[in-house]
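Please see the structure below; I have some questions.
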Amino acid sequence: MLNFLPKRLVGVIALVLLAVNVLFWTSILFVFSFLKLILRRGFDKVLPWLAANWITCNGWWMKLTQKTTWNVDGLDGLNAQGWYLVVSNHQSWADIFVLQKLLNRRIPLMKFFLKRELIWVPFMGLAWWALDFPFLRRHSADYLKKHPEQRGKDFKTTREACAKFSRVPTSIMNFLEGTRFSKAKHLAQGRPYRHLLKPKAGGIALAVGVLGEKFHSLLNVTIAYPDGAPTFWEFMSGRVQRVMVRISSVEIPEHLLGGDYEGDKTFQSNFQKWVQELWLEKDVQMDGLLREAGSA
C-alpha cells in the first residue's frame, strides 16, 4: 500500500512499525511471564496466544509497506491443535517473517532453536525466553577438545525443551543448515548441493526421540527468492518482489522414532541419511522453482 514511496522511506516506516510492535507485545509478555514465574501454571496457552497476535500485527505492517507476489502451495490440511516438526532452508532473516506469516494460527506457535548469545538481544531475547524457545550453546571442535565437560550439553538442553513441549501443542522449528546460505559458506563446504548448505540432523533427531509419537507430521518448507535472497534492510524497504514457498507433509519413518541418536551410531547414520535425502529432494525442488520463475 505504501510501496509507491521511496524505498528508504518505506524501510524507515517498516522499522518504526516493527519496533512499536515489539515494544507493545514484549511489554505484555513480560507481565504474563512474571505471573507465570509466581503462579507456575495456567499460562501455557496464554503466552502462545499473545505471540500469535504479535505475529498477526507483523503481517499488518508487512501488508502496508510491501508489494510482494506470493506463490505458495501446501497450506491446506494443517492443524492448529497438532504437534509439528518444521524444517526449512535458510537464506535470509526474511525467512522467519515468511514462515510466521504463512503458518501463524495454521499450526501451533513455532519454537526456534536459538544460539545462546541471542538471549541478550534487547527485548527479543527476553521474549524468546518467556515463550520457552530453547537456547543452545554452539561450541567449536577445538573448544570441546579443551573443555570436554561441555560436550553433550546442547543435546541435554534440547531434550529438556522438547519434554516441556509435550504438555501443549507445539511446533518445533529448525533451520537444519544452522546458518544462512552464502556463496562463501557454500564454497567452503565443497558445494554439496546446488542451492543449499549441508543439513545438521542432531537437533531434530532429539526432538523426534522425545516427541516422535506426538508429531502430527514433519513439515518440509522450501523458500525461494527468484530475485535473490534479500538482506534484512532490503526486506524492510519493500524490495522483495517475489517469494515462492512449497510446504509438504513428510511422514517420519517408523524406524527413526524413539532411537538413541547420541549413543547408537547405526541409528545416527540412518537418521543422517534420511535428512540428507530430504535435502537432495529440496535442492531439486529449489532448482525447479527458480527455473519456473526464470531465475535459475
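What residue, among those in segment 64-102 that are of a type in the set (Val, Ile, Thr) and under 17 Å from Leu219 (Cα atoms), is surrounded by the fewest Cβ atoms within 10 Å (Cβ to Cβ)?
Among residues in segment 64-102 that are of a type in the set (Val, Ile, Thr) and under 17 Å from Leu219 (Cα atoms), the one surrounded by the fewest Cβ atoms within 10 Å (Cβ to Cβ) is Val72.
Is there a residue being free of Cβ contacts under 8 Å to residues at least 12 places away in the same chain, part of a helix (DSSP H, G or I) and under 30 Å from Asn3 (Cβ atoms) anywhere in segment 182-195?
Taking segment 182-195 and keeping what is free of Cβ contacts under 8 Å to residues at least 12 places away in the same chain, we get 182-184, 186-192.
So of that shortlist, the ones also part of a helix (DSSP H, G or I) come out as 183-184, 186-188.
Now restrict to residues that are under 30 Å from Asn3 (Cβ atoms): 183.
Checking segment 182-195: at least one residue is free of Cβ contacts under 8 Å to residues at least 12 places away in the same chain, part of a helix (DSSP H, G or I) and under 30 Å from Asn3 (Cβ atoms).
Quick check on segment 37-52: of everything there that is touching a residue at least 24 places away in the same chain (Cβ under 8 Å) and over 18 Å from the mean Cα position of the chain (by Cα), which residue is nearest to Phe235 (Cα to Cα)?
Here is the first cut: in segment 37-52, the residues touching a residue at least 24 places away in the same chain (Cβ under 8 Å) are 44-45, 47-48, 50-52.
When the remaining residues are screened for being over 18 Å from the mean Cα position of the chain (by Cα), the result is 44-45, 47, 50.
Working: Asp44: 32, Lys45: 31, Leu47: 28, Leu50: 25 Å.
Ranking the qualifying residues of segment 37-52, first place goes to Leu50.
Condition test on Lys111, is it touching a residue at least 40 places away in the same chain (Cβ under 8 Å), closer than 30 Å to Gly202 by Cα and not hydroxyl-bearing (Ser, Thr, Tyr)? Before you say what the answer is, go through the steps one by one.
Values: touching a residue at least 40 places away in the same chain (Cβ under 8 Å): yes; closer than 30 Å to Gly202 by Cα: yes; not hydroxyl-bearing (Ser, Thr, Tyr): yes.
Criteria met by Lys111.
Sticking with this one: Which number in (1) within 18 Å of Asp283 (Cβ to Cβ); (2) modelled with pLDDT of 90 or more marks the one condition that Ala184 misses?
(1)
While we're on this one: Report, ordered by the first and then the second residue, all pairs with beta carbons closer than 6 Å, sequence separation of six or more or different chains, a first member in segment 62-90 that is acidic (Asp, Glu), and a second member that is buried (at least 16 other Cβ atoms within 10 Å of the Cβ).
Asp73/Arg246
Sticking with this structure for a sec: Quick one: is Leu5 modelled with pLDDT of 90 or more and of a type in the set (A, V, I, L, M, F, W, C)?
When the stated conditions are applied, Leu5 does not pass them.
The values are calculated or read from the model by the stated rules, or taken from the named source; none is laboratory data. The shown structure was predicted, so the numbers you read here are calculated from the model rather than taken from an experiment. Every residue, glycine as well, gets a Cβ built from its backbone with ideal geometry; the counts of neighbours run over all protein chains shown.
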